[in-house]
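Written out below as C-alpha cells is the structure these notes cover.
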Amino acid sequence: MLRVDDLRVTVGAEGTEAVRQVSLTVHKGESLGLVGESGSGKTLTCRAVLGVLPPGATVAGGRITLDGTDLTTLDRRGWDRIRGGRVAAVFQDPASYLNPSLTVGRQLAEQLRLKRGLRRGETRAAAVELLEAMGIRRASAVFGQYPHELSGGMLQRALIAIAVAGDPGLLVADEATTALDPAVQAEVLELLADLRERRGLALLLVSHDLAVVAQVCDRVAVFYAGEIVEQGPTADVIANPRHPYTEALLRVASLGDWRRRDLAVIPGRPPEPGAYPPGCRFAARCGFATERCAEPVGLAGVDDRVVRCVRAAELALVGA
Ligand SMILES: Nc1ncnc2c1ncn2[C@@H]1O[C@H](COP(=O)(O)OP(=O)(O)OP(=O)(O)O)[C@@H](O)[C@H]1O
C-alpha cells in the first residue's frame, strides 16, 4: 500500500537535513508504528506521506509511492484527489479539526457526499451507521451534537469516522490517542485495530510510547534524531531489542509489569538537526558506545530486522 524509499526531508532556508535514509513499507491491512522521542522525525515522515509538510520543510530526496502512485511528483490537484480519498489522517487534537459551529453529523454527512457521492437524502442514515461502526452508542443523538458537547474519546471516534468516510487504503494516526486518558486510549486503539482487520485498512501509527505501538502494530520503526535506528516485527523488537536506544525506550514505556517501569527519562538530549555528529547519533547517550561509534553507521540486517548499530550482533540487551 505504502512504500517510502530513502526519504530525506530538509527544514529552514538553509535546507538543514531533519530526516534521512527513511525507508519503510506498509502492506494492505498491516500496521506499522513509528516510535521515538519528540523531535526524532516521526511527524515530518508521516506529513511527507500526507503531502502536508509544515512551511519551510521540503522532501529533498527519496520516493514515496501509495498503491502504485508516485506521491513525490504530485501537483496540488493530484494531492487533492489522494488526500481524504486513498489516504486519510487523524491527529492529536480532534477538536481543532472539526468546525465548532456545525454538528458532528453534518460534517460527517458532508464528507460522505463529497467522498462517496451520496445524495443529501442518503447521507444521514449512512453517517449514523458509520458512527455506530466507530463504537459510538446513541449514534443518532450524537449525529445532532456539536463538537463541544462530546468527550475527547467520542470526538476522536467521530474524526476517525470522517477520516474513513472516503474508504481510504491507508490511515495515518499521529499521536491520535496521546491526549486521551488510558482507558479511552485503549478503546480508540482497539477501534483502529478493528478497522484494520475489518476494512483491510493499512495503518501508519505515530507515537512516542512503545506501549501504544505494541497494542496495534505488526511492525515498528524506531526513530532517533531523524533516522530509523531499528525496524522489525513489534513483538520481536520488544522481547529482544537490538539497538541500545530501543532498549532505553522500553524502560520508559508503560509495557507489561508497570512496577518495573523506570520513570527516569533517558539521560541527555538527542542532537538537533544541523548539529548531528558524523558517527552514531545516539553514541553520546549510549552506555555501550566505543571508539567505533564515532564512524558513520548504516542500517544492517540482523535476523528479522534492520538495525543501525555497529555492536548490534554482539550486545545482549534487555527486552520487556
Ligand atoms: N517547519 C520546521 N522548521 C524547522 N525545523 C523543523 C520544522 N518541523 C520540524 N522541524 C525539526 O525537525 C525535527 C523533526 O521533527 P518532527 O516533528 O518530525 O519530530 P517528531 O518525532 O514527530 O516529534 P514530535 O513528537 O515532537 O512531533 C525536529 O528537530 C524539529 O525541530
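The values are calculated or read from the model by the stated rules, or taken from the named source; none is laboratory data. If you're wondering where the values come from, they're calculated on a predicted model, not measured in any experiment. Positions of Cβ are backbone-derived with ideal geometry, glycine not excepted, and every protein chain shown enters the neighbour counts.
Numbers for the structure displayed
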| quantity | calculated |
| --- | --- |
| Considering residues of region 22-56 that are in contact with a helix residue (DSSP H, G or I) (Cβ under 8 Å, 6 or more places away or on another chain) and within 22 Å of Asp80 (Cβ to Cβ) only, the residue farthest from the ligand (Cβ to nearest atom) | Gly51 |
| Number of positions in region 83-125 that are part of a helix (DSSP H, G or I), surrounded by 15 or more Cβ atoms within 10 Å (Cβ to Cβ) and at pLDDT 90 or above | 12 |
| Residue, nearest to Ser40 (Cα to Cα), within region 1-21, restricted to residues that are within 12 Å of the ligand (Cβ to nearest atom) and of a type outside the set (Val, Ile, Thr) | Ala18 |
| Of all residues making up region 57-78, the number that are outside any strand (DSSP E or B) and within 16 Å of the ligand (Cβ to nearest atom) | 1 |
| Qualifying positions in region 205-228 - in a strand (DSSP E or B), in contact with a Gly (Cβ under 8 Å, 6 or more places away or on another chain) and within 16 Å of the ligand (Cβ to nearest atom) | Leu205, Val206, Ser207, Val220, Ala221, Val222, Phe223, Tyr224, Glu227 |
| Some residue of region 164-178 being touching a Gly at 6+ places or on another chain (Cβ under 9 Å) and not in a loop (DSSP other than H, G, I, E, B) | no |
| One residue from Ser96, Ser40, Ser101 being within 13 Å of the chain's Cα centre (by Cα) and either free of Cβ contacts under 8 Å to residues at least 24 places away in the same chain or over 13 Å from Asp174 (Cα atoms) (or both) | Ser40 |
| Residue in region 91-110 that is charged (D, E, K, R) and in contact with a Gly (Cβ under 8 Å, 6 or more places away or on another chain) present | no |
| Filtered residues of region 143-154 (kept if among the aliphatic types (A, V, I, L, M) and touching an Asp or Glu at 6+ places or on another chain (Cβ under 9 Å)) | none |
